[in-house]
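Accompanying notes for the structure given below.
The values are calculated or read from the model by the stated rules, or taken from the named source; none is laboratory data. All figures in this text were calculated on a predicted structure; none of them were measured in a lab. Reconstructed Cβ throughout: ideal geometry from the backbone, glycine too, with neighbour counts over all protein chains shown.
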Amino acid sequence: MKKIKFNLFGVEVQLPENAVRNDNYNGTYIHMGAKHTASVIKQYVKNKYNNRYTVWSTSDVYSGGSSVRVNIWSKNGSPCPLEVYNDVKALGNSLVAGHFDGMYDIYEYKDNNITTQKGTPLKYFPSYVFVDNNPKWDTPEYWLKEWKNLERCERQGVKTWEDFLEKNREYFGKGVEVKLVKYMDNLNKELQELGYDLEELAA
């Protein structure tokens, strides 16, 4: 499928060509449903921060609304710096249709006047965008975080990487251990190539 490229908040992203719509009410615009919003947020992080962070972005459509859930995490197994997390969270907040007003039990839509750098409007955003500074469950990044969790390791009597694998193997999903071991084998080389210094590698 052909893609369209556009610049959003200074970062180039792309979507399928069918994201461009035209109707009598809006004219020409880019349809930013939950799936497209999830894709754009993931691309934004990867392109702006040069792959220094792993980002997972999923969408869900249900009766009465839709949502996007984003997890972001440093590749060295530590939380994202606060300024990066806040940047992604601000992006998510800008790409949401409105907010739920609990006092009146209604969803209030906001006026989103977001355009591409060339002026094409973005329309029809998801109802909610959640951004979490944590790795997605049962990923290599999640288990690297747990390996660096001293409280968990002390509780399990873990002192070595081999101990950690043995104690936690029963919790791994299918194929996770193979991915985790491969991830760890390649981690230092990849992080150095991404520009992490020795202090960041040990963080």
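If the condition is being in a loop (DSSP other than H, G, I, E, B), exposed (fewer than 12 other Cβ atoms within 10 Å of the Cβ) and of a type in the set (A, V, I, L, M, F, W, C), then the stretch 75-115 contributes only Met103. Can Gly119 be described as at positive phi, without any contact (Cβ under 8 Å) to a residue 12 or more places away in the chain and more than 15 Å from the chain's Cα centre (by Cα)? It is true that Gly119 is at positive phi, without any contact (Cβ under 8 Å) to a residue 12 or more places away in the chain and more than 15 Å from the chain's Cα centre (by Cα). Has the stretch 152-164 got at least one residue that is out of contact with any Lys or Arg (no Cβ under 8 Å at 6 or more places or on another chain) and of a type in the set (Val, Ile, Thr)? Yes, that holds for at least one residue.
Annotation for the stretch 55-72: no member residue is outside any strand (DSSP E or B) and either outside the structural domain of Val11 (by TED's automatic domain parsing) or under 24 Å from Gly10 (Cβ atoms) (or both).
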